[in-house]
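Scroll down for the structure; my scribbles are underneath it.
The values are calculated or read from the model by the stated rules, or taken from the named source; none is laboratory data. Values in this document were obtained by computation on a predicted structure and should not be read as measured data. Positions of Cβ are generated from backbone atoms using ideal geometry, with glycine treated the same way; all protein chains shown enter the neighbour counts.
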Amino acid sequence: MGAAMSLLLFSAAFAGAPDVPFTAYQLDNGLKVTLAPDHTVPFVCVNVWYDVGSKDEVPGRSGFAHLFEHLMFNGSKHADDDYFKPLQPLGARLNGSTTLDRTNYYECLPSEQLPLATFLEADRMGWLLDALTPTKLQNQKDVVRNERRQNYDNPPYGHAWLELLGHAYPEGHPYHIATIGKHEEIEAATLEDVSGFFRTWYVPNNASLVLTGDFDDAEARALVARYFGAVPRGPAAVHHPPAAPAVFTGEEKVKVTDKVPFEKVWIAWHSPALYAPGDAELDLAASALSEGKESRLYKALVHDKQLAQDVTAYQGSQAWESLFVVSATAASGHTGDELVAAIDTVLAGARKDGITATELEMGRKDFEVQFFRMVSTIQGKADILNGYVTRTGDAGYLQKDLARYTSTTVESVNAALRQWLPPDKRLVLTFVPEAK
Amino acid sequence: MRASILLLLLACAPKPVAPPAAPSAPAPVEYVPAAATPLAPRPFTLPAVAWGSIGASTKVAVVENHEVPFISVSIQFPVHSTSVPKGKAGLAEATMDMLNEGAGKRDAEAISAELRRLGATLGSGAGYDGASVSISCLKDTLGPTLDLLADVLLRPTFPAKEWDLRRSLWIDDLTESRTSPTRIADRVMAHRLWGNTYRGIEADEGSLKGITVNDMVAWHKAHLSLAGALVLVGGDTTLDEIVPALQSRLGKWDHPVAKPEEGPTAPARPDVTTVYLYDKPGAAQSVVRAAMYLGKPTDPDFAPFMLGNMAMGGQFASRINLNLREDKGYTYGARSGVSYDRAGVSWTFDSGIHTEKTADALKELFGELKQVRDGRPFTDKEVNDARGALLGGWPLRFERPDYLLGQLDAMRTYSLPDDWVTGYLDRLSRTSVADVQKAWEARVDAGRLTFVVVGDAGSIRSGIEQLGLRVVLVDVAGNEVGGK
């Protein structure tokens, strides 16, 4: 039995910590398994994370990890049909997603159908390639390119994230190209790419399974053993993080002219990886800077000077290294340069005087509430646990994660702010409307 | 990254190492998965709703859930964004939005800071079908959060300076909305269906400039009070705990308010399907929408119609999505839906389609709509699958209190019968495939749809016209600009 732990780590300001009982074990083939019962409704979520994302793609094949994720829904050897077809009629919610760092799959469905969900998840983990055809591959290339058109090419500012990564990370860096990938590289994917990727990354020893919801422990273990236990272990998955984190040596300015209504800026700094020292501190610094109407950036840019329609600061935590981003959209009649100047004034003040204990308390509260929200559904709970297992190997990391926030001090937040957000080493990306 | 290629080669090496096969060794045993037989079903009980009242007779509904220490309280008012004087479009939204810009002794900044100290959120707004103010908080901060809620509801100050800012942000947002393809599509559709009534009414620069904080003070007084409101409470509390807490803070706030205006009447169906095309030169995709008003959710064939929609386009494995996405690859997804508003139920279609495949996709869509009436009627399997999807997925909606509380609000807003939630399973269960076919044929007429397409007219217009469809070019507000 794992850690339904009640470590009394928390300051009096805390209402408490979410209690997420779980059991964790590992199959002989290396698959990590976490069982976290929750009997609110007679549903169960089967949730698998593979420790592979677009960061693990080979040159010339951007977008591949995500394209591959799509193919995981088109059938496997012993269930060679669209995965939605048997699951949707049972009332299942299912999907998958791919990020720079990882790929996940889930189905939440009535408890009595746990055998089908474990069978299907295990079948595509073990026997996807037997059902792969050139037609399926071509179809999903078209679908994924349409996903890119819909979410990135068509909406105003849709290319901002792509530009941000492209300029923040040098060519060849695992985070240089956004997960959605480039049209021509998606189109270039071959069946050999699919089988190579599958054999390299889609092995039980590079995956983690979490079950949440209303299930019987013994029944669940037997099903996991029966279906996932049959999947052969693969070669160890070897990741290739950059030898050293990317750095800015000065201020890089990029201007993009596009079909957008207003100038908009993104200022980005390289920052500590997820869970690394400074990561939680920067989360809290971001809260002080832009959470709520009392925050420093909102007050200055939106309320007092009325230069911006919105402003937001966030620590975009990623497995290997992160970006801290401040972005703002210019109000009518104002420019990106004005926004940058105003942001700089606020940041200079924050560096000089530091954030206050009151600001820190409010930021901690934001995160306390967030933790409760994340575990309030079986789907959210499954993802948060799987994130912990995949990144830290510890399904009980929730309490340690919370402690990262409770143990920060005004001094540690201010030190992080001064260390990681220098005025002269950063990327300034500006989107400018096309001339009419 | 480069080393991955090496790994890949390794991974492609022959089978895992096995002992050298003796000449007579049997062939390796093929993995045959055991049948995935369902387990014993687990019981589901619909969460209970506890009813109480505050003020003179304002109903309070409580759905308990003690899994996490959150409590939400939402007050629903029977007033709409259209409940405003002529020429003041935006007044209801503005007033609701301004409630947290100053209340009691606090200004906007102090309200926001107090909420964050409490770990609480506060939201307020008005829309075409209602207006509401809601809070959510941790159990241990319920008292001070309700104090703040009472301030915002009873003692808003409507500072003129803050309205100047909100208005200018709103006007910038209108500008933004005219460059976003999906928002343009929404606006054009509302205008084509409703003209200058109900969902066709939208605030613009002119109406916003005419709105003053005095208008807000008057609107607040005329339309907001517990009289006629419904209070929805969910989470880690009980009726016995919440009613006195609400009564002591809001109980006296129940002065009479203006009667809600008559509900809108659904627009007449057009005589012929028309495609309203907004030209977005160079667009990578065409945003395609269609809509048609059908009737009322209380019509006896509503449940069968819902099942028909599931099979046609209401889920991933539906005719339309499997055709347009999984077979043809024209789109990232194509969905149809059933939505309701105060005018009734409408059937909708929504997709983003690769520019050069726009006409092809429309052809396939019309093909599906024709075939279901002619040669490929709904099958037993499709209807059973659709029913299974709706019934099977039902319990998960009750994991948090929000869904059930939302249904209580919908029942009142859309005048739905008392057994709307409790009779849902029964209504879907006793629907046959013949009922579904009949409902579909009676409701959806492919020849009388309203389409909106936002895309590159130069590339897609002639292809759409070649399908025999009437195409009308429109401006960003949905008004005709040329067209044949």
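Looking only at the stretch B:310-337, count how many residues are part of a helix (DSSP H, G or I) and not β-branched (Val, Ile, Thr). Let's see the steps before the verdict.
As a first pass, look at the stretch B:310-337 and keep what is part of a helix (DSSP H, G or I): B:310-314, B:319-327.
Pick out the ones that are also not β-branched (Val, Ile, Thr) and you get B:310-314, B:319, B:321-327.
Within the stretch B:310-337, residues that are part of a helix (DSSP H, G or I) and not β-branched (Val, Ile, Thr) number 13.
Could you tell me which numbered condition residue B:387 fails, if it satisfies all but one of (1) of a type in the set (Lys, Arg); (2) surrounded by 17 or more Cβ atoms within 10 Å (Cβ to Cβ); (3) under 20 Å from residue B:351 (Cα atoms)?
(3)
Mind listing just one residue for me: the one in the stretch B:439-474 that is acidic (Asp, Glu) and part of a helix (DSSP H, G or I) and, of those, nearest to residue B:282 (Cα to Cα)?
Going through the qualifying residues, I end up with B:465.
Here is a list of conditions, (1) touching a residue at least 12 places away in the same chain (Cβ under 8 Å); (2) out of contact with any helix residue (DSSP H, G or I) (no Cβ under 6 Å at 6 or more places or on another chain), and residue A:142 meets all of them except one; can you say which number that is?
(1)
Of the residues that sit in the stretch A:128-147 and are over 22 Å from residue A:106 (Cα atoms) and either more than 8 Å from every other protein chain (Cβ to nearest Cβ) or in contact with a Pro (Cβ under 9 Å, 6 or more places away or on another chain) (or both), which one is surrounded by the most Cβ atoms within 10 Å (Cβ to Cβ)?
By that ranking, first place goes to A:133.
Which condition number does residue B:88 fail, the rest of (1) in contact with a Cys (Cβ under 9 Å, 6 or more places away or on another chain); (2) surrounded by fewer than 22 Cβ atoms within 10 Å (Cβ to Cβ) being met?
(1)
Could you give me the residue pairs with C-beta distances under 7 Å whose first residue belongs to the stretch B:207-227 and is surrounded by 15 or more Cβ atoms within 10 Å (Cβ to Cβ), whose second residue is of a type in the set (Ser, Thr, Tyr) and in a helix (DSSP H, G or I) wherever it lies, and which are 6+ apart or on separate chains?
B:216/B:95; B:219/B:95; B:220/B:95
It is to be established whether one or more residues within the stretch A:385-397 are of a type in the set (Asp, Glu) and in a helix (DSSP H, G or I).
No, there is no match, as no residue in the stretch A:385-397 is of a type in the set (Asp, Glu) and in a helix (DSSP H, G or I).
Taking the stretch A:108-157 as the region of interest, how many residues are touching a strand residue (DSSP E or B) at 6+ places or on another chain (Cβ under 9 Å), within 23 Å of residue B:177 (Cβ to Cβ) and outside any helix (DSSP H, G or I)?
Total meeting the criteria: 3.
Scan the stretch A:271-289 and report the pairs whose first residue is closer than 20 Å to residue A:389 by Cα and whose second residue is part of a helix (DSSP H, G or I) and modelled with pLDDT of 95 or more, with Cβ atoms within less than 6 Å and a gap of 6+ or a chain change.
From the stretch A:271-289, the pairs are A:272/A:279; A:280/A:404; A:280/A:405.
Can you name every residue in the stretch B:271-288 that is touching a helix residue (DSSP H, G or I) at 6+ places or on another chain (Cβ under 8 Å) and within 14 Å of another protein chain (Cβ to nearest Cβ)?
B:278, B:279, B:280, B:281, B:283, B:284, B:285, B:286, B:287, B:288
Residues in the stretch B:289-340 that are within 14 Å of another protein chain (Cβ to nearest Cβ) and touching a Pro at 6+ places or on another chain (Cβ under 7 Å): how many?
The number of residues fulfilling the criteria is 0.
Please find, within the stretch B:149-190, the residue that is nearest to the other protein chains (Cβ to nearest Cβ) out of those that are assigned to a loop (DSSP other than H, G, I, E, B) and in contact (Cβ under 8 Å) with a residue 24 or more places away in the chain. Don't jump to the end; show me each part of the working.
The initial filter retains those residues of the stretch B:149-190 that are assigned to a loop (DSSP other than H, G, I, E, B), namely B:155, B:157-159, B:178-180.
From what's left, in contact (Cβ under 8 Å) with a residue 24 or more places away in the chain: B:155, B:157-159, B:178.
Values: B:155: 18, B:157: 15, B:158: 16, B:159: 12, B:178: 7 Å.
Residue satisfying both the conditions and the ranking: B:178.
Just for the stretch A:77-111: of the residues that are facing another protein chain (nearest Cβ under 10 Å) and among the small types (Gly, Ala, Ser), which one is farthest from residue B:319 (Cα to Cα)? Step through it out loud before you land on a result.
Taking the stretch A:77-111 and keeping what is facing another protein chain (nearest Cβ under 10 Å), we get A:77-79, A:81-95, A:108-111.
Cutting the leftovers down to among the small types (Gly, Ala, Ser) gives us A:79, A:91-92, A:111.
Numbers: A:79: 20, A:91: 18, A:92: 18, A:111: 28 Å.
Only one residue tops the list, namely A:111.
Out of the stretch A:42-55, which residues are touching a strand residue (DSSP E or B) at 6+ places or on another chain (Cβ under 8 Å) and not in a strand (DSSP E or B)?
Selection gives A:42, A:51, A:52, A:53, A:54.
Could you tell me whether the stretch A:253-271 includes any residue that is within 14 Å of chain B (Cβ to nearest Cβ) and of a type in the set (A, V, I, L, M)?
Here is the first cut: in the stretch A:253-271, the ones within 14 Å of chain B (Cβ to nearest Cβ) are A:257-264.
Restricting the remaining residues to those that are of a type in the set (A, V, I, L, M) gives A:260.
So far as the stretch A:253-271 goes, yes, one or more of its residues are within 14 Å of chain B (Cβ to nearest Cβ) and of a type in the set (A, V, I, L, M).
Filtering the stretch B:107-122 down to residues that are surrounded by 20 or more Cβ atoms within 10 Å (Cβ to Cβ) and in contact (Cβ under 8 Å) with a residue 24 or more places away in the chain, which residue is farthest from residue B:54 (Cα to Cα)?
B:108
When you scan the stretch A:200-215, do you find a residue that is free of Cβ contacts under 8 Å to residues at least 60 places away in the same chain, in the same structural domain as residue A:51 (by TED's automatic domain parsing) and among the aliphatic types (A, V, I, L, M), even just one?
There is no residue in the stretch A:200-215 that is free of Cβ contacts under 8 Å to residues at least 60 places away in the same chain, in the same structural domain as residue A:51 (by TED's automatic domain parsing) and among the aliphatic types (A, V, I, L, M).
Find the helices (runs of 4 or more DSSP H) located wholly in the stretch B:338-417 whose residues include 1 or more that are of a type in the set (Val, Ile, Thr) and touching a helix residue (DSSP H, G or I) at 6+ places or on another chain (Cβ under 9 Å), and list them. It would help to see each step written out before you state the result.
Working: elements: B:358-371, B:380-393, B:402-413.
Helices (runs of 4 or more DSSP H) meeting the threshold: B:358-371, B:380-393.
Please verify whether the stretch A:34-49 includes one or more residues that are within 30 Å of residue A:171 (Cβ to Cβ) and of a type in the set (D, E, K, R). Show your work before the answer.
The initial filter retains those residues of the stretch A:34-49 that are within 30 Å of residue A:171 (Cβ to Cβ), namely A:49.
Right, trim to of a type in the set (D, E, K, R) and you get none.
No, the conditions are met nowhere in the stretch A:34-49.
As an exercise: evaluate residue B:33 against (1) surrounded by fewer than 22 Cβ atoms within 10 Å (Cβ to Cβ); (2) more than 30 Å from residue A:90 (Cβ to Cβ); (3) in contact with a Phe, Trp or Tyr (Cβ under 7 Å, 6 or more places away or on another chain) and give the number of the one condition it does not meet.
(2)
Scan the stretch B:79-98 and give yes if some residue there is within 14 Å of another protein chain (Cβ to nearest Cβ) and either under 21 Å from the mean Cα position of the chain (by Cα) or farther than 20 Å from residue B:60 by Cα (or both), otherwise no. Before you say what the answer is, go through the steps one by one.
Here is the first cut: in the stretch B:79-98, the residues within 14 Å of another protein chain (Cβ to nearest Cβ) are B:97-98.
Checking which are either under 21 Å from the mean Cα position of the chain (by Cα) or farther than 20 Å from residue B:60 by Cα (or both) leaves us with B:97-98.
Yes; the residues of the stretch B:79-98 include at least one that is within 14 Å of another protein chain (Cβ to nearest Cβ) and either under 21 Å from the mean Cα position of the chain (by Cα) or farther than 20 Å from residue B:60 by Cα (or both).
Might you let me know whether the stretch A:56-76 holds any residue that is surrounded by 22 or more Cβ atoms within 10 Å (Cβ to Cβ), acidic (Asp, Glu) and in a loop (DSSP other than H, G, I, E, B)?
Within the stretch A:56-76, one or more residues are surrounded by 22 or more Cβ atoms within 10 Å (Cβ to Cβ), acidic (Asp, Glu) and in a loop (DSSP other than H, G, I, E, B).
I'm trying to understand the selection: among the residues of the stretch A:247-305, which are hydrophobic (A, V, I, L, M, F, W, C) and more than 27 Å from the chain's Cα centre (by Cα)?
Taking the stretch A:247-305 first, the residues hydrophobic (A, V, I, L, M, F, W, C) are A:247-248, A:254, A:256, A:260, A:262, A:265-269, A:273-274, A:276, A:280, A:282, A:284-286, A:288-289, A:297, A:300-302.
Result: A:262, A:300, A:301, A:302.
Assuming residue A:25 fulfils every condition listed in (1) more than 10 Å from chain B (Cβ to nearest Cβ); (2) in contact with a strand residue (DSSP E or B) (Cβ under 9 Å, 6 or more places away or on another chain); (3) buried (at least 24 other Cβ atoms within 10 Å of the Cβ) apart from one, which condition is it?
Evaluating residue A:25 over (1) more than 10 Å from chain B (Cβ to nearest Cβ); (2) in contact with a strand residue (DSSP E or B) (Cβ under 9 Å, 6 or more places away or on another chain); (3) buried (at least 24 other Cβ atoms within 10 Å of the Cβ) leaves (3) as the failure.
From (1) in contact with a helix residue (DSSP H, G or I) (Cβ under 6 Å, 6 or more places away or on another chain); (2) touching a residue at least 40 places away in the same chain (Cβ under 8 Å); (3) buried (at least 17 other Cβ atoms within 10 Å of the Cβ); (4) more than 14 Å from every other protein chain (Cβ to nearest Cβ), pick out the condition that doesn't hold for residue B:104.
(3)
Regarding the stretch A:112-127, can at least one residue be identified that is within 25 Å of residue A:174 (Cβ to Cβ) and within 11 Å of another protein chain (Cβ to nearest Cβ)?
Scanning the stretch A:112-127, I find no residue that is within 25 Å of residue A:174 (Cβ to Cβ) and within 11 Å of another protein chain (Cβ to nearest Cβ), so the answer is no.
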